[in-house]
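Let me begin by presenting the structure, written as structure tokens, before commenting on it.
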Amino acid sequence: MPLRLAPTFRETLAAASRPLAGIWVCSGSPLVAEICAGSGMDWTLIDMEHSPNGLESVLAQLQAVAAYPITPVVRVPIGDVVTIKQVLDLGAQNLLVPMISSADEARAVVRAVRYPPRGSRGVGSALARSARWNRVDAYLENADDHVSLFVQIETTAGVAAAAEIAAVYGVDGIFVGPADLAASLGVLGRQTHPDVIAAVLRTFDAVRAAGKPVGVNAFDPEMADRYLAAGASFVLVGADVGLLARGSEALAARFIPAAEATGARPSY
């Protein structure tokens, strides 16, 4: 019996009646990914750029979250055609490609997610989870319908080219990264600096004018609210590792005397 794949993030966004809230999964753990998938969040980002994730761990996390009503997006570490091919073959239907600063770079990753003659994705669907080992009817012919592509703007050059990047056919949406954008603007670590916020909002305006959805990373609830009010369609509002770090610190602060907690501790 032919199998049906889940709706893409492109389709989920188009059908949404409100902005979608998401959570990073950076731990590399399928168990943690499953816990996050059952949280009630709309979408989750499985990160390969700044997290200890390889192909095997991404596969395990995709399998772990598949039983839950959450849309997984995989951020590849780079817009490399081989990496993109491998991650798609794992069954990732939604990709986020970081550090896109020009329309030419955007067109290159569009080609990477598409089969010839319109792209350069290698053909191996009979061997891959993407087509459920040829159990998805006409996967090759309809592959574009099963994959959504989002690109990340996080440099001053990307902000300047945001309208052109958003207009590239095959780019389904733009995600803004304030952390690297702050570094590009010369205010490293200051994501709420007025120059960073202004650049994010300029990007929002350019992307929305092109008719594409725009999202942003915003762990600060006040900034998340501000960006939602400015028209963000999807927002990342937390991360598994951040929640664990802050939660464990809160427990320590509650139960360990302050004088002991601030004292020197042996390193093993």
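Which one is surrounded by the fewest Cβ atoms within 10 Å (Cβ to Cβ) among residues in region 90-124 that are of a type in the set (Ser, Thr, Tyr) and in contact (Cβ under 8 Å) with a residue 40 or more places away in the chain?
Checking each candidate, the answer is 102.
Of these, 185, 181, which one is in contact with a Ser or Thr (Cβ under 9 Å, 6 or more places away or on another chain), over 26 Å from residue 10 (Cα atoms) and not polar (S, T, N, Q)?
From the options 185, 181, the qualifying one is 185.
Residue 259 passes all but one of (1) at pLDDT below 95; (2) under 23 Å from residue 98 (Cα atoms); which number fails?
(2)
For every residue, the table says whether it meets (1) modelled with pLDDT of 95 or more; (2) surrounded by fewer than 17 Cβ atoms within 10 Å (Cβ to Cβ); (3) in contact with a strand residue (DSSP E or B) (Cβ under 8 Å, 6 or more places away or on another chain); (4) not aliphatic (A, V, I, L, M).
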{"position": "198", "(1), (2), (3), (4)": "yes, yes, no, no"}
{"position": "211", "(1), (2), (3), (4)": "yes, yes, no, yes"}
{"position": "214", "(1), (2), (3), (4)": "yes, no, yes, no"}
{"position": "225", "(1), (2), (3), (4)": "yes, yes, no, yes"}
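Given (1) crowded, with 17+ Cβ neighbours inside 10 Å; (2) at pLDDT below 95, identify the lone condition not met by residue 65.
Of (1) crowded, with 17+ Cβ neighbours inside 10 Å; (2) at pLDDT below 95, only one is false for residue 65: (2).
In region 147-195, which residues are without any contact (Cβ under 8 Å) to a residue 40 or more places away in the chain and on the phi > 0 side of the Ramachandran plot?
Once the filter is applied, which keeps residues that are without any contact (Cβ under 8 Å) to a residue 40 or more places away in the chain and on the phi > 0 side of the Ramachandran plot, region 147-195 yields 186, 189.
Starting from region 126-146, keep only residues that are closer than 13 Å to residue 2 by Cβ, then list their pairs with residues that are exposed (fewer than 14 other Cβ atoms within 10 Å of the Cβ) and not hydrophobic (A, V, I, L, M, F, W, C) whose Cβ atoms are within a distance under 8 Å, requiring at least 6 positions of separation or different chains.
As it stands, the answer is 135/2; 136/2; 136/4; 137/2, since those pairs meet every condition given.
Please go through region 71-95 and pick out each residue that is part of a loop (DSSP other than H, G, I, E, B) and more than 15 Å from the chain's Cα centre (by Cα).
Residues satisfying the conditions are 80, 90, 91.
Which condition number does residue 166 fail, the rest of (1) touching a Leu at 6+ places or on another chain (Cβ under 7 Å); (2) closer than 24 Å to residue 229 by Cβ; (3) of a type in the set (Gly, Ala, Ser) being met?
Against the list (1) touching a Leu at 6+ places or on another chain (Cβ under 7 Å); (2) closer than 24 Å to residue 229 by Cβ; (3) of a type in the set (Gly, Ala, Ser), residue 166 comes up short only on (1).
Only one residue in 130, 39 is surrounded by fewer than 21 Cβ atoms within 10 Å (Cβ to Cβ), polar (S, T, N, Q) and either farther than 21 Å from residue 239 by Cα or out of contact with any helix residue (DSSP H, G or I) (no Cβ under 7 Å at 6 or more places or on another chain) (or both). Which one?
So the residue among 130, 39 that is surrounded by fewer than 21 Cβ atoms within 10 Å (Cβ to Cβ), polar (S, T, N, Q) and either farther than 21 Å from residue 239 by Cα or out of contact with any helix residue (DSSP H, G or I) (no Cβ under 7 Å at 6 or more places or on another chain) (or both) is 39.
Looking at region 10-31, I want the residues that are in contact (Cβ under 8 Å) with a residue 60 or more places away in the chain and charged (D, E, K, R) and have a partner that is in a strand (DSSP E or B) and crowded, with 18+ Cβ neighbours inside 10 Å with Cβ atoms under 6 Å, at least 6 apart or on another chain. Which pairs are those?
Matching pairs, first to second residue: 10/148.
Of all helices (runs of 4 or more DSSP H) completely enclosed by region 1-68, which ones contain at least 3 residues that are within 22 Å of residue 136 (Cβ to Cβ)?
Correct list: 9-15, 55-65.
Say whether the condition of being of a type in the set (Ser, Thr, Tyr) and either under 19 Å from the mean Cα position of the chain (by Cα) or under 30 Å from residue 111 (Cα atoms) (or both) is met by at least one residue in region 242-259.
No - not one qualifying residue is present in region 242-259.
Pick from 47, 42: which is under 15 Å from the mean Cα position of the chain (by Cα), within 12 Å of residue 240 (Cα to Cα), acidic (Asp, Glu) and at pLDDT 95 or above?
47 is the lone residue from the list that is under 15 Å from the mean Cα position of the chain (by Cα), within 12 Å of residue 240 (Cα to Cα), acidic (Asp, Glu) and at pLDDT 95 or above.
Can you tell me which residue among 114, 75 is within 22 Å of residue 31 (Cα to Cα), in contact with an Asp or Glu (Cβ under 7 Å, 6 or more places away or on another chain) and not β-branched (Val, Ile, Thr)?
75
The values are calculated or read from the model by the stated rules, or taken from the named source; none is laboratory data. Worth saying up front: this structure is predicted, and the values here are computed from it rather than measured. No Cβ is skipped: glycine too gets one built from the backbone with ideal geometry, and neighbour counts run over all protein chains shown.
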